[in-house]
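Each remark here refers to the structure printed beneath this line.
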Amino acid sequence: MRFIAVLIGKALIFLVRLTGRGGSNWPGKVVRKLFPGILPYLSLKVEKNILVTGTNGKTTTNKAIYSMLTQAGFNAMYNNTGANLITGITTAYVEKYGQKNEFATLEVDEANMVMAVREIQPQVVLVTNFFRDQLDRYGELGKTVQLVKEGLSLLPEGSTIVLNADDPLTAQLGMQEIDKLRVVFYGLQSNVLRNTAFADVSDARHCLQCGESYVYEKNFYAHLGHYHCSCGFRRPEPTVFVSRLEDRGSSGFLAEITSPQGIFTVDIPLPGVYNLYNLLAAIAVALTVDVPLAGIKEAVRGTGAAFGRMERLLLGTQDGITKETLISLVKNPAGFNAVMETLLEEIVEDQLLIVVNDLDADGRDISWFWDVDFETLAQKASNEIVVSGLRAQDMAVRLKYAGIPEERLVVVPEIEKALDISLEKAKSRLYILPSYTAMLKLQDVLRKRGQVQGYWKTEKKRMRSA
Amino acid sequence: MHLRIGHLYPEHLNLYGDRGNVIALAKRAEWRSIGVMVESIGLNEEVDLSQYDLLFIGGGQDRDQTLIAKDLKLVKGNSLLDAADGGVPLLAVCGGYQLLGKYYRLSTGEEVEGLGLLDISTEAGAKRLIGNIVLETELTGEKQTVVGFENHSGRTFLGSEVKPLGKVLSGSGNNGEDGFEGSVQGNIIGTYIHGSLLPKNPKITDWLLTRALERKFGQVQLQELNDNLEESAHQVMVKRSLS
Ligand SMILES: [Zn+2]
């Protein structure tokens, strides 16, 4: 019966691929209906299962863990399409059934953590951070944290949880009675970075224990940093941390990592403090499952961005002139601020295109535009800005109220047209900041033009070369 | 001319981008060369709220909401009642809206006493009312639409002293039953609408500014602004929701 369920699942996955659509949830959904015990069964076939959850950076971090594992010579699988609901995760296990995997590393949507932990019983769980995200889906941030906490309480004895020490919301998960679990904290040493310039209206700046505002000795980005509260709650000391850092702007970082396994240097090719955190989180997980340093270093050096996560492409205008294009997904105020902080100097020199939709996967409520610090962008920007997507007009209004004159706002709701207009306007570089479904649409357009491959094609190629 | 705007509890009640409302008020005053000072008023701060020309209060998470309810009652209650008596225009959104009412009845049956500034009461509902919303209002004297996004589990019922802000054309509104949304009592507007509310509904912004200026300077005529962008963002949502 289980075998039949897997076969049916595999056939469905094949059908989905054949039609060229990236939908990876419904094969898992069908299989789960046919055989509800399928995920516990399949995950038990893998020696060690790792779950990655948190608001921002799941995809990049999970991919990095996977490549550290494979670089070190382990057989591993991951849910590489960003399908992080329980159904998508089931699809991933069904698809990889038959391979002898030592590791599975899976990004899990926060709201699916309870189910995922219950069914997979992982050896390691990484929680990256909590930000406001798609609030209309979850209600409130506090509930999201609660869901993850509930998930962690279902972990089998002896599991390890890896937590971001610099995010108070995440760190507190490791500071209560969890004697049956091992806790590993990671973070940045306070002198490695300056304070952020972007204003933050995060709701995580108040102590969960007592409600007082945290005091920040250092604030790296959003509510992440070195904090303490008058009630005694304070940032835990991490055992895996960045102890020295060379910031190389848009080409990334050179980071010295201090860990119980030793002090070593990694070359991180992705820009942005949030990517530094992503890679550090992946390193902390890899060290936890005894990946040798050589594999970790090699994997970090080869880290590529997932599509739309600070990915650089060369795109041509209709006249065939090539412009360098950088695409970076933006889905919440903290992420948006972080991307702008990293790229601000470059963005204001050339062309910016913001594309925002309000479909389910984007979050239907676009109120968060008003929590992004566009005022800092407005102070420095002097070029036109193109806005597109289902909520192009709303973004234009936001930018107008941030201080960008109406004459410099170009509203083009239709995404493909906005891309072409922006490419025309760009001197040599175009920066595209899309919401999730806007990013998928862009990917679609570029694939049709032969400028990027479909997700499935890239995946097959990787499998063959592995 | 100069306006002093008080933003109540911005550190705690800042869910769903409601600071956009304060930005809209300040910008639309500045664009008309009216000086604006926005001041944050936090927990435990004892201030004379009647000295402000305009007040705003947003919504927050449950835990913060309880903190604020206490502060409103023990620290700012009388001051806020004075301000309201003196006709200071006040916009309250979502949680702030509920806190101004007579009480909030939790799902346990327990009643949390509100400030009683608005003749409304709220009860916890089982299902959150979430989605785009369009109203028809006559706040400014002529019929017009209001657009935004609602996300609340509370069901609010109006007493005889308040009027609804508008009739729901699409969405749920105060309680999802009677077809109305928001409350207006004197110069106070309470509503569940985020979006943020004011940027895309500039007529409401201007109504609040006019009330504030009139109270301070007597009869005023606000200078017309170019609202093409705001209007097109507004119309996109009207069309989408009503078609
Ligand atoms: Zn505290």
field: Residue pairs meeting the criteria (Cβ under 9 Å; at least 6 apart or on separate chains; first more than 17 Å from B:A233 (Cβ to Cβ) and more than 13 Å from chain B (Cβ to nearest Cβ), in region A:344-365; second open to solvent by less than 10 Å² (accessible area, probe 1.4 Å) and among the aromatic types (F, W, Y))
entry: A:E346/A:Y431; A:I347/A:Y431; A:D350/A:Y431; A:Q351/A:Y431; A:L352/A:Y431; A:L353/A:Y431
message: With more than 29 Å from A:N337 (Cα to Cα) and modelled with pLDDT of 85 or more as the only criterion, which of A:K33, A:K63, A:K58 stands out?
response: A:K33
Among (1) open to solvent by less than 50 Å² (accessible area, probe 1.4 Å); (2) within 15 Å of the ligand (Cβ to nearest atom), the one test that A:L193 misses: (2)
field: Test: B:N175 is more than 10 Å from every other protein chain (Cβ to nearest Cβ) and under 16 Å from B:G131 (Cβ atoms)
entry: yes
message: For region A:253-272, give me each residue that is crowded, with 22+ Cβ neighbours inside 10 Å and not in a strand (DSSP E or B).
response: A:L270, A:P271, A:G272
message: Please pick out the residue among B:G42, B:G35, B:G59, B:G77 that is in contact with a Cys (Cβ under 6 Å, 6 or more places away or on another chain) and not charged (D, E, K, R).
response: B:G59
- request: Would you point out the residue of region A:142-160, among those that are among the polar types (S, T, N, Q) and out of contact with any Ser or Thr (no Cβ under 6 Å at 6 or more places or on another chain), that is surrounded by the fewest Cβ atoms within 10 Å (Cβ to Cβ)?
  value: A:S153
query: Hey, does region B:22-33 have a residue that's modelled with pLDDT of 95 or more and away from chain A (no Cβ under 14 Å)?
result: yes
message: For A:G450, only one of the following conditions fails: (1) assigned to a loop (DSSP other than H, G, I, E, B); (2) within 11 Å of chain B (Cβ to nearest Cβ); (3) of a type outside the set (K, R). What is its number?
response: (2)
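Yes/no matrix, rows are residues, columns are (1) among the aliphatic types (A, V, I, L, M); (2) closer than 19 Å to B:T66 by Cα; (3) away from chain A (no Cβ under 14 Å):
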site: B:L115; (1), (2), (3): yes, yes, yes
site: B:S121; (1), (2), (3): no, yes, yes
site: B:G159; (1), (2), (3): no, no, yes
site: B:F180; (1), (2), (3): no, no, yes
- request: Write out, first by first residue and then by second, each pair whose Cβ atoms fall under 9 Å of each other, whose residues are 6+ apart or on separate chains, and whose first residue, in region A:223-248, is within 14 Å of chain B (Cβ to nearest Cβ) while the second is among the basic types (K, R) and near the ligand (Cβ under 10 Å from one of its atoms).
  value: none
- request: Please work out if A:K417 is open to solvent by 10 Å² or more (accessible area, probe 1.4 Å), basic (K, R) and either within 17 Å of B:K200 (Cβ to Cβ) or not in a helix (DSSP H, G or I) (or both).
  value: no
- prompt: Would you pick out the residues in region B:90-112 that are open to solvent by 30 Å² or more (accessible area, probe 1.4 Å) and in contact with a helix residue (DSSP H, G or I) (Cβ under 7 Å, 6 or more places away or on another chain)?
  reply: B:Y104, B:V112
- request: Filter region A:375-398 down to residues that are in contact with a Leu (Cβ under 6 Å, 6 or more places away or on another chain) and assigned to a helix (DSSP H, G or I) and give me whichever is surrounded by the fewest Cβ atoms within 10 Å (Cβ to Cβ).
  value: A:A396
query: Just for region A:211-220: of the residues that are touching a helix residue (DSSP H, G or I) at 6+ places or on another chain (Cβ under 9 Å) and assigned to a strand (DSSP E or B), which one is nearest to the ligand (Cβ to nearest atom)?
result: A:E217
- prompt: Hey, among A:L169, A:L245, A:L208, A:L163, which residue is within 16 Å of the ligand (Cβ to nearest atom) and either in a strand (DSSP E or B) or open to solvent by less than 60 Å² (accessible area, probe 1.4 Å) (or both)?
  reply: A:L169
task: Could you tell me which residue of region B:1-16 is nearest to A:P333 (Cα to Cα), considering only residues that are at the interface with another protein chain (Cβ under 9 Å from one of its Cβ atoms) and in contact with a strand residue (DSSP E or B) (Cβ under 6 Å, 6 or more places away or on another chain)?
output: B:Y16
- prompt: Restricting region A:221-237 to residues that are more than 14 Å from the ligand (Cβ to nearest atom) and at pLDDT 90 or above, which is nearest to A:D200 (Cα to Cα)?
  reply: A:L224
- prompt: Name the pairs: first residue in region B:232-243 and facing another protein chain (nearest Cβ under 8 Å) and farther than 16 Å from B:F149 by Cβ, second residue in a helix (DSSP H, G or I) and at pLDDT 95 or above, Cβ to Cβ under 6 Å, at least 6 apart or on different chains?
  reply: B:S232/A:Q393
message: Being in contact (Cβ under 8 Å) with a residue 24 or more places away in the chain, farther than 28 Å from B:G109 by Cβ and surrounded by 22 or more Cβ atoms within 10 Å (Cβ to Cβ): is that true of B:L197 here?
response: yes
task: Filter the strands (runs of 3 or more DSSP E) completely within region B:121-191 down to those with at least 2 residues that are surrounded by fewer than 18 Cβ atoms within 10 Å (Cβ to Cβ) and polar (S, T, N, Q).
output: B:144-158
message: Tell me yes or no: at least one residue of region B:72-89 is under 20 Å from B:P199 (Cα atoms) and either within 14 Å of chain A (Cβ to nearest Cβ) or open to solvent by less than 40 Å² (accessible area, probe 1.4 Å) (or both).
response: yes
task: Scan region A:162-201 residue by residue and report those that are farther than 14 Å from A:F220 by Cα and at pLDDT below 90.
output: A:M175, A:Q176, A:E177, A:I178, A:D179, A:K180, A:V201
Selection within region B:214-243 - among the acidic types (D, E) and surrounded by 14 or more Cβ atoms within 10 Å (Cβ to Cβ): B:E214, B:D227, B:E230, B:E231
message: From the list B:K143, B:K102, B:K163, B:K200, exactly one residue is charged (D, E, K, R) and within 14 Å of chain A (Cβ to nearest Cβ). Which is it?
response: B:K200
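The values are calculated or read from the model by the stated rules, or taken from the named source; none is laboratory data. These numbers come from a predicted model, not from an experiment. Neighbour counts run over all protein chains shown; Cβ positions are idealised from the backbone, glycine included. Surface accessibility is based on the protein's heavy atoms, side chains included, excluding ligands, DNA and RNA. Shrake-Rupley method; radii C 1.70, N 1.55, O 1.52, S 1.80 Å.
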